[in-house]
Amino acid sequence: MVIFDSHKKEKVEFKPIKDNEVRIYVCGPTVYDDAHLGHARSSISFDLLRRTLKALGYKVTFVKNFTDIDDKIINKMNATGKTLSEITTHYINSYLKDMQALNVKRADIEPKATESLEAMFDIIQKLLDKGYAYKLENGDIYFDVSKDEEYCSLSHKCPEDEGVHRVEIEGKKNPQDFALWKACKGEGDVCFDSPFGRGRPGWHIECSAMIKKHIAYDGEYEIDIHGGGADLFFPHHENEEAQSHCAYGGHLAKYWMHNGFVTINGEKMSKSLGNSFFVKDALKHYPGEVLRFYLMSTHYRAPLNFSEEDLIASKKRLDKLYRLKKRVYGLTKKQQDKEFENKLLEAMSDDLNISKALAVVDEFIKDANENLDKNPKDKVLKQKILSNIEFIDKLLGVGGSDAYEYFQAGVDEETKKKIQELIEKRNEAKKEKNFALADEIREELKKMGIQIQDTPNGTLWEKV
């Protein structure tokens, strides 16, 4: 497999630290609000990576954290009067629900910052002991970037670069030094006991601690792949790497991967711009699978400008897969097609080349339909088609829904109930040989935008 390493800024051959085993850590959300399309895109990107590695035969351990202590969470607590646990539990559950709707597989390990404090204390103490960190009079502890000769070598973006945000705090040795521990500031703050006094961790320290606690190897590299959004590369990942290698030696990750931004109307999505499109709102109008297919159809490293027009066009492409699946509906026996599987896997092994992978899928759909037209009763052909659709679902996370239910999306439960009642009424009319009534009911359903089909599995319907 070949991946693009953000550190080397080029495609490289992927060679895991340990044969046939891959350990991945991806930065998860800060849980103070609902998930937006940026979260969704990152999750889908690394879900595709995980699926591809597993299909290649690797044993994958996948970790995604939850930042459940942060200034934004504290602000939410003060604004709502709710506890830390109430807010973070609600938004963790909301995030997991949204990701499930997008068919993103849950991480093997989902650590929380508040449950990883001891691991953070260990790193901070080591950095203090080795002279890489210092304590201010107010109790804050900072990492001294001037002591790390390799600082900026990961992202190749130095703090002096224009546009890098600097926080001026009295007593800091360098403007770019970052907080490892924030001393308790009084009423309204959230504080924990520590060897350094009551306070709470800085943002960057938590990921280093969770990696060390849950999946780190001892050696030159702690994990195989560290991933996240492109906005995290500097300063977040740069700071993680700095504090980790200064505390323990070696490097945090062998490879670094980052997904591109989601923009709306050409602007980077952000809460401050007021254009953050929540996943839960998109799911009110489009099925999760449709949203997933759209978000993954642009290569993970490229920026994606969200457009509802493009989403609708993307759905039509996915519709073709499900129309093919309808043609083999009801089959259960499979017939593996290794040639197709290898083609699809080869595309995804090229740094998750989704354009090439979807071209393989499009070609498969076209050829399958042509072959079915010529050989409509060929069971082996149908079984091979079904097997290929199942492999698409396994690797790309789309195509796994019931073919008829897919085309029922957007129909409310009350209408579904009415449709089913009419179908049952029509079936009774047919039993009684009242074909005139049966035809009337078919026409009534047609006026409702519903098309029915009598199959060996019963009368099935879809929205047209």
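The values are calculated or read from the model by the stated rules, or taken from the named source; none is laboratory data. Everything numeric in this text was worked out from a predicted model, so none of it was measured. A quick note on method: Cβ atoms are made from the backbone with ideal geometry, for glycine too, and the neighbour counts reach across all protein chains shown.
Structure notes:
- Any hit, the range 60-83, residues being aromatic (Phe, Trp, Tyr), out of contact with any Ser or Thr (no Cβ under 9 Å at 6 or more places or on another chain), farther than 20 Å from Phe277 by Cβ and in the same structural domain as Ala242 (by TED's automatic domain parsing): yes
- Meets criteria (farther than 30 Å from Glu440 by Cα, modelled with pLDDT of 95 or more and among the charged types (D, E, K, R)) for Glu363: yes
- Inter-residue pairs, beta-carbon under 7 Å, first closer than 24 Å to Val104 by Cβ and in the range 378-406, second surrounded by fewer than 21 Cβ atoms within 10 Å (Cβ to Cβ) and small (Gly, Ala, Ser), 6+ apart: Asp393/Gly400; Lys394/Ala55; Leu395/Ala55
- Failed item, numbered, when Gln453 is tested on (1) assigned to a helix (DSSP H, G or I); (2) exposed (fewer than 14 other Cβ atoms within 10 Å of the Cβ): (1)
- One residue alone among Thr61, Thr30 is of a type in the set (Val, Ile, Thr), closer than 27 Å to Asn305 by Cα, touching a strand residue (DSSP E or B) at 6+ places or on another chain (Cβ under 7 Å) and at pLDDT 95 or above, and that residue is Thr30.
- Among the conditions (1) more than 26 Å from Lys394 (Cβ to Cβ); (2) charged (D, E, K, R); (3) buried (at least 23 other Cβ atoms within 10 Å of the Cβ), Arg23 misses just one, which is (1).
- The criterion of at least 1 residues that are within 18 Å of Lys326 (Cα to Cα) and under 24 Å from the mean Cα position of the chain (by Cα) is met by the following helices (runs of 4 or more DSSP H) wholly inside the range 356-442: 379-396, 403-406.
- Among the criteria (1) touching a residue at least 60 places away in the same chain (Cβ under 8 Å); (2) over 19 Å from Ile215 (Cβ atoms), the one Tyr32 does not fulfil is (1).
- Verdict on Leu352 being at positive phi, among the hydrophobic types (A, V, I, L, M, F, W, C) and in contact with a Phe, Trp or Tyr (Cβ under 7 Å, 6 or more places away or on another chain): yes
- Checking each residue in the range 33-48 for being touching a strand residue (DSSP E or B) at 6+ places or on another chain (Cβ under 6 Å) and not basic (Lys, Arg) picks out Asp34, His36, Leu37, Gly38, Ser42, Ser45, Phe46.
- Candidates are the residues of the range 410-430 that are crowded, with 16+ Cβ neighbours inside 10 Å and touching a Ser or Thr at 6+ places or on another chain (Cβ under 9 Å); the one that is modelled with the highest pLDDT is Arg426.
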